[in-house]
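FYI, it's all coordinate maths here, none of it is from the lab. The model shown is predicted, which means the values in this text are computed figures rather than measured ones. Methodologically, a virtual Cβ is constructed for each residue, glycine included, from the backbone with ideal geometry; neighbour enumeration extends over all protein chains shown.
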Amino acid sequence: MDTIDAIKQRRSVKIYNAGHEMPQDDLDQLLSLVKLSPTAFNQQNYRFVLVRDPELRKQIREAAGGQAQVTDASLLIVICADLKAWEKDPVRYWDNTPKEVQEYIVPAIDNYYRGRERVQRDEAMRTAGIAAQTIMLAAKAMGYDSCPMDGFDFDRVGELVHLPEDHTVCMFVVVGKAVEPAMPRPSQLPLDEIVVIDRF
Ligand SMILES: Cc1cc2nc3c(=O)[nH]c(=O)nc-3n(C[C@H](O)[C@H](O)[C@H](O)COP(=O)(O)O)c2cc1C
């Protein structure tokens with residue numbers, strides 16, 4: 001499937017085959033693809049919690065208002081981010097570059113994030129959103145369906161997955177085998193409402 005078809009065919013599916021287990025090769029492929037998602041300064045601040053424990057899935061489903069896809073999809077991925085990735089030995093994000101590049105980029109990273117909590121958090125959400133879309137399009141191309149989610153109690157999910165102090169929960173993506181198709185698209189706004197030329 002090419003990218004344009006994957007974009008057109010991706011829909012938010014809610015009803016999954018609860019008995020389906022994703023083969024390890026598919027999981028490996030999906031994870032190797034999501035690692036190619038871009039991140040600012042290549043800091044790779046995404047953290048993907050793969051929730052496998054059925055009891056934990058049930059508890060997370062409760063924290064998500066009982067939404068069935070949380071327990072029934074083959075994969076529940078809690079996309080988190082490390083808010084402090086930028087200061088954790090950042091030279092390793094640029095290992096394969098010449099020393100002069102490293103000497104320039106490492107102070108630039110520090111200068112960009114230090115003391116800017118809002119920027120750190122915004123960056124986490126940008127990273128997660130892009131990674132989520134990579135997962136969903138890759139999943140579609142691999143014969144799976146998916147659903148992005150933020151309809152859950154973020155604090156409770158953080159407690160359940162033992163979120164480290166300097167991380168944040170961004171969103172979920174579930175991936176699995178659809179039992180029912182998504183509902184018809186609810187609406188699509190006209191382009192002239194969502195596209196602005198030059199200025200608002
Ligand atoms: C950030 C975000 C959060 C969402 N949260 C939920 C959710 O908690 N539960 C759900 O069933 N769908 C959720 N959705 C799916 C949207 O309802 C869906 O993307 C939208 O209706 C458009 O449908 P489509 O994805 O099939 O094109 C979410 C989508 C996004 C992007």
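Confirm whether Ala139 is among the aliphatic types (A, V, I, L, M), touching a Leu at 6+ places or on another chain (Cβ under 9 Å) and surrounded by 12 or more Cβ atoms within 10 Å (Cβ to Cβ).
On the way: among the aliphatic types (A, V, I, L, M): yes; touching a Leu at 6+ places or on another chain (Cβ under 9 Å): yes; surrounded by 12 or more Cβ atoms within 10 Å (Cβ to Cβ): yes.
Considered against the rule, which asks whether it is among the aliphatic types (A, V, I, L, M), touching a Leu at 6+ places or on another chain (Cβ under 9 Å) and surrounded by 12 or more Cβ atoms within 10 Å (Cβ to Cβ), Ala139 comes out as yes.
Would you point out the residue of segment 1-47, among those that are basic (Lys, Arg) and in contact (Cβ under 8 Å) with a residue 40 or more places away in the chain, that is farthest from Met149 (Cα to Cα)?
Arg47
Residues of segment 76-112 being free of Cβ contacts under 8 Å to residues at least 60 places away in the same chain and aromatic (Phe, Trp, Tyr), which ones?
Trp86, Tyr93, Trp94, Tyr104 - these are the residues of segment 76-112 that are free of Cβ contacts under 8 Å to residues at least 60 places away in the same chain and aromatic (Phe, Trp, Tyr).
Does Tyr104 satisfy being aromatic (Phe, Trp, Tyr) and farther than 20 Å from Val173 by Cβ?
Yes, satisfied.
So Ala63 clears everything in (1) without any contact (Cβ under 8 Å) to a residue 12 or more places away in the chain; (2) within 16 Å of the ligand (Cβ to nearest atom) except one condition, right? Which one?
(1)
When you check Thr127 against the structure, is it in contact (Cβ under 8 Å) with a residue 24 or more places away in the chain, in a helix (DSSP H, G or I) and surrounded by 15 or more Cβ atoms within 10 Å (Cβ to Cβ), yes or no? Before the answer, list the steps.
Details: in contact (Cβ under 8 Å) with a residue 24 or more places away in the chain: yes; in a helix (DSSP H, G or I): yes; surrounded by 15 or more Cβ atoms within 10 Å (Cβ to Cβ): yes.
Against the criterion (in contact (Cβ under 8 Å) with a residue 24 or more places away in the chain, in a helix (DSSP H, G or I) and surrounded by 15 or more Cβ atoms within 10 Å (Cβ to Cβ)), Thr127 qualifies.
Among residues belonging to segment 1-48 that are in a loop (DSSP other than H, G, I, E, B) and under 17 Å from Cys170 (Cα atoms), point out the one that is nearest to the ligand (Cβ to nearest atom).
Out of the qualifying residues, it is Ser37.
Would you point out the residue of segment 65-91, among those that are surrounded by fewer than 22 Cβ atoms within 10 Å (Cβ to Cβ) and either among the aliphatic types (A, V, I, L, M) or on the phi > 0 side of the Ramachandran plot (or both), that is nearest to the chain's Cα centre (by Cα)?
Residue satisfying both the conditions and the ranking: Leu83.
Please determine, by comparing only the residues of segment 130-172 that are assigned to a helix (DSSP H, G or I) and not aliphatic (A, V, I, L, M), which one is nearest to the ligand (Cβ to nearest atom).
First, the residues of segment 130-172 that are assigned to a helix (DSSP H, G or I): 130-141, 154-160.
Remaining after also requiring not aliphatic (A, V, I, L, M): 133-134, 140, 154-156, 158-159.
Details: Gln133: 9, Thr134: 14, Lys140: 11, Phe154: 12, Asp155: 16, Arg156: 14, Gly158: 16, Glu159: 19 Å.
Per the criteria, the residue is Gln133.
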